[in-house]
Structures are given as C-alpha cells and as structure tokens.
Amino acid sequence: MSNDAAQGKRIPYIRLRNIKKSFGHVIALDGVDLDVYPGEVMALVGDNGAGKSTLIKIISGVLNPDEGELSLNGKTFKHMTPSRAIELGISTVYQDLALVDCLDVASNIFLGREPLKACFFVDKKRMNRESEELLRRLKVSIPSVITPVEFLSGGQRQGVAVARSIKLQGRMIIFDEPTAAMGVSESARVLELIRSLGDEGFAVLVISHNLHHVFTIADCICVIRSGRLVKDFRTENTNPDQVVGFITGSNRYTEEYTEESITT
Amino acid sequence: MNRTKIKLLLGNIFPQLLLILVMLIMVIFLSVASPFFLTWDNFRNVFDHSSLYIILALGMTFVISSGGVDLSVGAVAALSGVCMAVAMQNGLGVGTSILIGLAAGGLVGAANGSIISLFKINPFIVTLGFMSLARGLALIITGGIPIYGFPRAFTWWGSGHIGPLNPPMLLAAFMAALAALVLNMSRFGYYTLALGGNEEALRRSGVSIHLYKIMVYLLCGVTAALGGLIVTARLNTAEPLAGWMLEMDSIAAVVLGGTSMKGGRGSIAGTLIACLLLGILRNGLVILSIPAYYQQLLIGMIILSAVIFAEVRSRKGLASTHKKERSTAV
C-alpha cells in the first residue's frame, strides 16, 4: 500500500516550510523543509545536537518555531500546541514519560479517554476487550491487559504506548529513539511494529541513532546536520556509509561525486 | 489469563490479609487477657472511636495515592467545627450550619490543592502552612474559648442512636463504601492514582491535572470537616484545639493500610482495616491499663515496621514478579 501510494501523486500528511528555531545564540534549526507522507516510515538521522529533537518537538507542539510554518489538512499554522497536535492526529511515543506504571495496560491505553457506564463507572470490560483487540491487531504480545505496566519490558511498553497513540485517533506517529536501551529480540519486535504502522497507512517519523535499524524499517532517510536538512534519500538508493558521510559532514562538499558513485 | 488475574489480586491484597491476621492475633490475645474485651459494648466502643479516624483517613487515602500528603486535616476539623458552632450561635439551622462547616473544610482543601498544583510547591510545606492558618483562624473566631451547648439535632451526629449503632459508625461505613467505589471504579479514582504514578503522562493525555489535584485536596478537606462535625457533636463543644495530631493518626492509618507514600497505589479496604486495628490497639492498651504514653510509643513502632515491610516487599516481591512476567511474555 505504502509503496503504491508513494509512486503516485503524493500528498504529504504534514508539510514543514523554512522552520527556524534558536535558543539564545544557538541556532538549533536553520530553515528546515520537510514533508512526511502517510504510509511511509521516515527516519530522521543526525549527530547529537543536530536538531532532530527540536524538530519533532516543533511538530508535536512542545516548542514554537521562531519562523516558518506547518501545513496540515490544507491548513497552515505558525505553530502547534500539544492539544492541537493531538486533535490533528499527531502523537509522539516517548520512551519513559508516556505511561503510568501503577495502572494496568488497558487503563494506560485509554488514559484520558475512559469509556463510562452509568455516567460514573469506568467501563473496565469494554476497555479490556478493545485493548485486547487493538494489541492483537498490532501483534504486541502482552501477558494480560490487566497487568500493571510496571511489569512490562521496554518493548511491550512501546507497544502499549503505540496502542494509545492509535486510540487517540493518531494518524501520524513520531518515535523518539524507540530502540534505545533495548535488547536484540526486543528491538526487532519494536521495529516490526513500526514497519507495520507504515504499511497500515500511518505517517511515521522515527529518530534513531542506529543506522542498522533505520535501514531495516525506513522508506526514506533524512539527514540533519547543524540545523539544516542536508540530504534526503530513498532508502533503496543509498547505503549506510553514505549516510554516515552526511551525518559527520565528510560528504558535504562531495555530494555530486557520491551520488554518481552510487548510481554506477 | 486467569492465573495472572489471581496472582495480581493476591499480590494486591497481601498487605491487607496480613493486617487482618495481626488483628485476629490481637483480638485473641486481648480476649484471653481480659474478660471485658470480647463484649458487644466494648466492640461498639472500638467502632465508635475508630469512625472518626476512618472518615479522616479516607480523604487522606486519596491524597496520599495521588502522591501528596495533607497535614492540615486536624486543624481543618477544628476550624469546621468552630464554623458550625458560630453559625448555630447566630441562629442558623442545624443543616445549614453543618453545610457551612463542610464548605469551610472544602474551601481550605481546594486552597491547598490550588497552591500545590498551580505553583508546583511541595504538598508537605503548603499543607503545613494551612495547618497553622486553619488553627489560627479557629482560635481567632472563638477567641480561644470553646463554644458549647448545641441543639439535640446537632449532637445527634455524635451521640445519637440508630438501633444498636450510632451515626458516626454509619457515616464512616457509608463513606468507606463510597470511597472504595470512587477510587477503584470512577474516572476520578483512576486519575488520582495516575497523578501519583506519573503526573506527566496524565498531562500528556490531555487531562487537566490541576482540576483533579484540586479535587483530591478538596475531598480531603470535606472528610476533615466531617471529622470536625463528629468531634464537635460528640463533645457538644466546638473546641479550637480539637483534632490535635489527627493528621498524624490518619496518615499513619493510611500508610499502615498499604497505600504507597510514593503515590500510585491506594487501598480503601486497607485504610479501613488499619483504622480498626489501631482502634483495637488503643482499646486493648486501655483495658490492660497500660499508661497512655506507651500508646504513642507502640503506634510509632507499628507504623515504622509497616513502612519497612512495605518497602522491602516492593523491592523484592515486585522484582521477582517482574522477571516472571517478562519471561512468560517474550
């Protein structure tokens, strides 16, 4: 689905134009243009301090850009707010801040959106049933939806956080370092989940330092360096060495040369 | 699936089961030690005395589950008692006066919650401030002199009879049932626990955490005012120094009942059992004519051992369950 859509006339889910942001003297983003398409997994790579986190914070409404605009659903905004971002279907899956450890899986998935019966009681049965269905659809395996989240592994927690994003009617899902501090098999599960979200038609934006992971899941790779988007690749047209070259800056002035060397 | 359910349930109610066991041992010991202990009149006494602590500890359970604490409840109980008394002195009806007292308690609670939430100040300090403030107000309003002599319709709330029981007991039972429903099954209860578990996550899911925090402290203020009603009605006196150290007694009961001081975990049943246990303990010490000073000592020791037990258990017990759950899952 994603690739067919990608080949045809593509309408981006969100379009960023000339986004600038500085913190005092430090220029974090210096005129970034970015289009994120539905049905596609886009990886955002770059060295520490390149501006990746600032960029996703601007998309999710946590930070306001100094200049530039975001357009979405045919509307243009100077900046987002967290609640507007949620309304527009943008949700961010954070590593640690997203879940309430002491509540169970179903309650976390429905947090803030609990169905009620008799106008007072939380409809636990419905929450459990719908959570089970959703997790099954996402192929997240969890012992039981009534397990408190504190008993889950990092990968399972990511799964729950993703399920919650989808429950919030999310259509664009942003992952900030989804596989950091995770074991091999666990990472594999999370990557599989992210890939399947892309295939289901969600617009997915992933920040990762792990190029191996990026190459497994991404349809396209954008390299950010010193606040500028220096290069964006289709994954099939590039290789890790070339991407590393752009991340570190050694490829900056030899762009022409590298592209030729790849095509040949 | 069902095994997980049973395991989780057992893990959750283990501290309460242990409390019941300790209580049974105490009952057996006291029944053997004294012929007066195991009589209906004595039990009625225990329930009667515990009802005040139960009502205050219920509100405190919400506050502590939400990751906070309220040190002002004793002073708020005194202040609301004084407010009711002054209202009645000025010719207002009993019902209206009680409502005014409850409103005063709710107001102090809401003020507590607002300052804690909006200015992000440690609840310990804020409620300490309101403890002094409420006590000061109670003293100012009365001029330091207790007000006494109320209509029968008012003193009924402390010393009336409903069959073999009395109003404080029934009020405590009713409030406990209500609190259990609200904490475990309502949205407010979920958010109370979520506030204690991970406030930031709750904020990010679009819930107004200010509103819910204020409501938690407001509720605690109202239960403190209900406590004030019982104390004032029972003694037929509004005493500005009433409810001294009541905050400590209710915090102690809540912690003993298995509610986590770190927030995120709360048990109404535990609070109820702990209040009864402390009630039986106080009663037993009196029956065995042990000097009152030893009560403080013994209660302190019990609280400390309960806290240490809970901490050790949460480190060891949870770690092992954690491993098991993981291995079955992956």
**Q.** Residue among A:V26, A:V45, A:V93 with the largest mean-square fluctuation in a Gaussian network model of chain A, springs linking Cα atoms under 10 Å
**A.** A:V26
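Would you please report the Å³ per residue occupied by the convex hull of the alpha carbon atoms in the protein assembly as shown?
Details: hull volume 112.0 nm³, N = 594.
Given the Cα convex hull of the protein assembly as shown, per-residue volume reads 189 Å³.
Rounded, prolate or oblate: which fits segment A:9-156 when a ≥ b ≥ c are the square roots of the eigenvalues of the alpha-carbon gyration tensor, with rounded for a/c under 1.5 and prolate only if a/b beats b/c? Walk me through the numbers before you get to the answer.
Details: a/c = 2.20, a/b = 1.95, b/c = 1.13.
Prolate, since a/c reaches 1.5 and a/b exceeds b/c.
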Q | segment B:114-171 versus segment B:35-69: alpha-carbon centroid distance in Å | A | 16
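Give me B:W244, B:W40, B:W157 ranked fewest to most by other Cβ atoms within 10 Å of their Cβ, as a rough exposure proxy.
Values: B:W244 14, B:W40 8, B:W157 21.
Result, fewest neighbours first: B:W40, B:W244, B:W157.
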Q: Would you tell me the mean number of C-beta atoms belonging to other protein chains that fall within 10 Å of each C-beta in B:202-211, as a whole number?
A: 4
Q. Rounded if a/c is under 1.5, else prolate if a/b beats b/c, else oblate: with a ≥ b ≥ c from the C-alpha gyration tensor eigenvalues square-rooted, which is chain B?
A. oblate
(Q) Quick check on segment B:97-220: take the gyration tensor over C-alpha atoms, sort the square-rooted eigenvalues as a ≥ b ≥ c, and tell me if it's rounded (a/c under 1.5), prolate or oblate. (A) oblate
Q) So how far, in whole Å, is the C-alpha centre of segment A:9-77 from the one of segment B:1-20? A) 48
**Q.** Net charge, A:F110 excluded, C-beta distance under 15 Å - Lys, Arg +1, Asp, Glu -1
**A.** +4
Q | Gyration tensor over alpha-carbon atoms, chain A, equivalent ellipsoid semi-axes in Å | A | 33, 21, 17
Q. Which of the listed residues, A:I58, B:A153, A:I173, is farthest toward the dipole's positive end in the protein assembly as shown, when Lys, Arg count +1 and Asp, Glu count -1 at the beta-carbon?
A. B:A153
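Rounded to the nearest 500, what is the 222 nm mean residue ellipticity of chain A from helices alone, with -39500 (n - 2.57) per DSSP H run of 4+ residues and division by all residues? Each step should come with its number before you reach the end.
Values: 10 runs with 94 residues, N = 264.
Computed mean residue ellipticity for chain A: -10000 deg cm²/dmol.
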Q) In a solvent-free Debye calculation with one equal scatterer on each Cα, what is log10 I(q)/I(0) for segment A:99-206 at q = 0.10, 0.11, 0.21 Å⁻¹, listed in the order of the q values? A) -0.27, -0.33, -1.14
**Q.** Degrees separating the helix A:124-137 axis from the principal Cα axis of chain A, which is the longest one
**A.** 40
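Quick one: of A:K75/B:K213; A:K124/B:K262; A:K117/B:K5; A:K139/B:K7; A:K125/B:K213; A:K78/A:K167, which pairs are farther than 29 Å apart, Cα to Cα?
On the way: A:K75/B:K213 36 Å; A:K124/B:K262 25 Å; A:K117/B:K5 23 Å; A:K139/B:K7 25 Å; A:K125/B:K213 27 Å; A:K78/A:K167 27 Å.
Correct reply: A:K75/B:K213.
Please identify the DSSP H helices in chain B that span no less than 27 Å along the helix axis (Cα) and have a mean Kyte-Doolittle hydropathy of 0.5 or more. Before the final figure, lay out the partial values.
On the way: long enough: B:2-33 (44 Å, 1.69); B:40-65 (35 Å, 0.69); B:94-118 (35 Å, 1.59); B:123-142 (28 Å, 1.74); B:209-235 (39 Å, 1.55); B:268-287 (28 Å, 2.06); B:292-329 (54 Å, 0.13).
The answer, listed by residue number, is B:2-33, B:40-65, B:94-118, B:123-142, B:209-235, B:268-287.
Sort B:F130, A:F175, B:F29 by Cβ crowding within 10 Å, fewest neighbours at the top. Let's see the in-between values first.
Working: B:F130 25, A:F175 28, B:F29 13.
Ranked by crowding around the Cβ, least crowded first: B:F29, B:F130, A:F175.
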Q. Relative to the longest principal Cα axis of chain A, at what angle does helix A:184-199 sit, 0 to 90 degrees, rounded to 10?
A. 80
Q: Straight distance only, please: which aspartates and glutamates reach the Cα of A:K57 with their own Cα at less than 18 Å, same-chain residues fewer than 8 apart left out?
A: A:D30, A:D33, A:D35, A:D47, A:D66, A:E67, A:E69, A:E87, A:D96, A:D176, A:E177, B:E200
Q: Return the calculated 222 nm mean residue ellipticity for chain B, to the nearest 500 deg cm²/dmol, obtained by summing -39500 (n - 2.57) across DSSP H runs with n ≥ 4 and dividing by the residue count.
A: -27500 deg cm²/dmol
Q: Just rank A:L116, A:L72, B:L298, fewest to most, by other beta-carbon atoms within 10 angstrom.
A: A:L116, B:L298, A:L72
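FYI, it's all coordinate maths here, none of it is from the lab. Everything numeric in this text was worked out from a predicted model, so none of it was measured. A quick note on method: Cβ atoms are made from the backbone with ideal geometry, for glycine too, and the neighbour counts reach across all protein chains shown.
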